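J.: Structure incoming, see below.
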């Protein structure tokens, strides 16, 4: 697993260097927030309980400092009386709170905040350990009756979200497998061992995990979306081989011949589909986000592993099962599905089956499409263009809090804290200089931060070493660097390291509240641009450079990269698929038909998302490439079977009918298996997972509709048009040849 900054931005980028190397490593901290609520949090008994929490949590390994009301009061009492204790009388407490208590520690008399602070580079496992020990400390605090203590903050929220996601995903995966088994059992009933594709694709997924470890490809938050996609693709490969080998068994060949025919005809078709799918996924490598590139690598490895599992393991197991089932003892079992005996049938005689409901529906869809090709293509194209237009207007959801169940207690606590304390998002301004004790530099920081807070509506506060220096020097900044350095030396080391680094680097933190929720991505981007322009109008002293970074800056940059280039990524995928088909087939018709079909699906998907009010999320922003990869497989397999029938001498309409019936059921089975498997995700309490499941189900259904309605119209129309051109060309050639013969006869007679 990998979740660091380098999964979002390239290590060589300036954004990474500024945020990870400078801000995270040098200045950043994290915290666990303990929110105390009661009628009067300044009650001596309540303050004693808070002090017990303070004493326990400050000794937790990894904790840098703890801020609490009890500590502020004890420090103030020490300055006033020389005794570092909590006063017992209310008048003394009220006086200290009125003069010394910061509002972020005690916003009012009914709320108090204890912050357990740790380094920003603390590992996730260490953060979880600090969280557990902090929760244990509350049990020893012994608050008086009527007080409520809430442990919240990003760490508590993230930990609760992971637990909820693991619990819900386990349930959803069980439901998904049950639904896939049900579909295979009902729709794939024309073959024996109908559930075999599931363990075959599971083996392919296990191979994929092994390859990822061997090739050092990490798991990231985006990679989780790959495995449902691989299950959908892998089960299609397994079903195609399974369907064809059963068809060959029923042709009365020997089992070995059936295997050879299956690999000969289905192997190349599925391999071509895999190559085209891989080309569709290759567009993911154009993303500037490393985890999307890793997502593309995972998909490429996954489809190869699932193909190998289906070809070598799936076909081999089916061959073995068939041979075993022909044993004289097993052949007498009444429930065994019979396969015609090769000794009682002519060698090439085929068993005739009555078409079932699925066969008839697929055949009728193909016939209807071929009868009205211009109408079908015209309507599909109009809907596609309209969908592409409205796709640009589909909103992008970036507020992480909306991705989780809205009734989750950890979310309710986090929102409640935000309502009391305000948002905690920041723009972090890193200042590099030759001398961080330069009075002119500190004066500039003071003027600039005041200007931003007073004149920029979404900048609510600022904090820097200047605030500490002024508080220690009667509200002014010393004129001499030596005096400033002397004051720096008196600042506690933990506090000094969060504001200064060495002699040439400082940080200015601009509090922007809940800007992500209030302004959105574009708003934060504009706010950052305004601050950058203000630095240009109010420049720092010579020899000083200023960089704006922070979690909000990285987040909007990454989300913009994930979402803004999705259409370009999809179009590039279409070009790659077309070029790949052209290289493989050296035939414009075979290259163009699948691309046209999938282009329709991409447009329809965007239009439906706009119509249904579905938003893009970081998880679904790459679905254009996924639609192309999954859907092009259906079209390529249909096209391969169509031209196989054409090579046997069938006319275009007849070849399309045969292809729809013979391979259509296998495509429908794999498509419905994918649909029902993903439909379980729609029930997820996490909106991002539910959104991904819904859009995937919708896109797979659209790909199936396009393969059985649009594809027949396109390929038959183009094929007949090409045949007509060839016939006219041949006729003209014959006419020219006949004319030349007549001319030759006349010349000979003369």
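The values are calculated or read from the model by the stated rules, or taken from the named source; none is laboratory data. Owing to the predicted nature of the structure, the values given are computational and were not obtained by experimental measurement. Please note: Cβ atoms are built from the backbone with ideal geometry, for glycine as well, and neighbour counts cover all protein chains shown.
J.: For the stretch 194-204, name all the residues that are assigned to a helix (DSSP H, G or I) and buried (at least 18 other Cβ atoms within 10 Å of the Cβ).
T.: Correct list: 197, 198, 200, 201, 203, 204.
J.: For the stretch 249-272, state whether one or more residues are under 26 Å from residue 582 (Cβ atoms), crowded, with 20+ Cβ neighbours inside 10 Å and under 23 Å from the mean Cα position of the chain (by Cα).
T.: First pass over the stretch 249-272, keeping only residues under 26 Å from residue 582 (Cβ atoms): 263-272.
Retained after the next criterion (residues that are crowded, with 20+ Cβ neighbours inside 10 Å): 266, 269-270, 272.
Still in the list and also under 23 Å from the mean Cα position of the chain (by Cα): none.
Looking through the stretch 249-272, none of the residues is under 26 Å from residue 582 (Cβ atoms), crowded, with 20+ Cβ neighbours inside 10 Å and under 23 Å from the mean Cα position of the chain (by Cα).
J.: Residue by residue through the stretch 418-443, note down the ones that are surrounded by fewer than 21 Cβ atoms within 10 Å (Cβ to Cβ) and in a helix (DSSP H, G or I).
T.: Result: 418, 419, 420, 421, 439, 440, 443.
J.: Take the conditions in a helix (DSSP H, G or I), in the same structural domain as residue 236 (by TED's automatic domain parsing), surrounded by fewer than 21 Cβ atoms within 10 Å (Cβ to Cβ) and touching a helix residue (DSSP H, G or I) at 6+ places or on another chain (Cβ under 7 Å) and apply them to residue 633. Does it pass?
T.: Details: in a helix (DSSP H, G or I): yes; in the same structural domain as residue 236 (by TED's automatic domain parsing): yes; surrounded by fewer than 21 Cβ atoms within 10 Å (Cβ to Cβ): no; touching a helix residue (DSSP H, G or I) at 6+ places or on another chain (Cβ under 7 Å): yes.
No, not satisfied.
J.: While we're looking at this one, here's another question. In the stretch 457-474, what residues are closer than 20 Å to residue 104 by Cβ and either part of a loop (DSSP other than H, G, I, E, B) or not assigned by TED's automatic domain parsing to the domain that holds residue 505 (or both)?
T.: Matches in the stretch 457-474: 458, 459, 460, 464.
J.: While we're looking at this one, here's another question. When the stretch 138-156 is examined, which residues are found to be in a helix (DSSP H, G or I) and surrounded by fewer than 21 Cβ atoms within 10 Å (Cβ to Cβ)?
T.: Across the stretch 138-156, the qualifying residues are 138, 139, 154.
J.: Name the residues in the stretch 366-388 that are under 30 Å from residue 616 (Cα atoms) and in contact (Cβ under 8 Å) with a residue 24 or more places away in the chain, would you?
T.: Across the stretch 366-388, the qualifying residues are 376, 377, 380, 381, 383, 384, 385, 386, 387, 388.
J.: Shifting gears a bit: Name the one entry in 69, 44, 87 that is in contact with a helix residue (DSSP H, G or I) (Cβ under 8 Å, 6 or more places away or on another chain), surrounded by fewer than 17 Cβ atoms within 10 Å (Cβ to Cβ) and touching a residue at least 12 places away in the same chain (Cβ under 8 Å).
T.: Result: 44 is the single residue among 69, 44, 87 that is in contact with a helix residue (DSSP H, G or I) (Cβ under 8 Å, 6 or more places away or on another chain), surrounded by fewer than 17 Cβ atoms within 10 Å (Cβ to Cβ) and touching a residue at least 12 places away in the same chain (Cβ under 8 Å).
J.: Residues of the stretch 518-550 being assigned to a loop (DSSP other than H, G, I, E, B) and in contact (Cβ under 8 Å) with a residue 60 or more places away in the chain, which ones?
T.: Step one: filter the stretch 518-550 for residues assigned to a loop (DSSP other than H, G, I, E, B), giving 538-544, 550.
Answer for the stretch 518-550, where residues must be assigned to a loop (DSSP other than H, G, I, E, B) and in contact (Cβ under 8 Å) with a residue 60 or more places away in the chain: 538, 540, 541, 543, 544, 550.
J.: Here's something else I'd like to know. Could you check residue 489 against (1) within 17 Å of residue 502 (Cβ to Cβ); (2) not assigned by TED's automatic domain parsing to the domain that holds residue 525 and say which number it fails?
T.: Status for residue 489: all satisfied but (2).
J.: Continuing with this model, one more query. Out of curiosity, is residue 264 modelled with pLDDT of 85 or more, assigned to a helix (DSSP H, G or I) and out of contact with any helix residue (DSSP H, G or I) (no Cβ under 9 Å at 6 or more places or on another chain)?
T.: Values: modelled with pLDDT of 85 or more: yes; assigned to a helix (DSSP H, G or I): yes; out of contact with any helix residue (DSSP H, G or I) (no Cβ under 9 Å at 6 or more places or on another chain): yes.
Yes.
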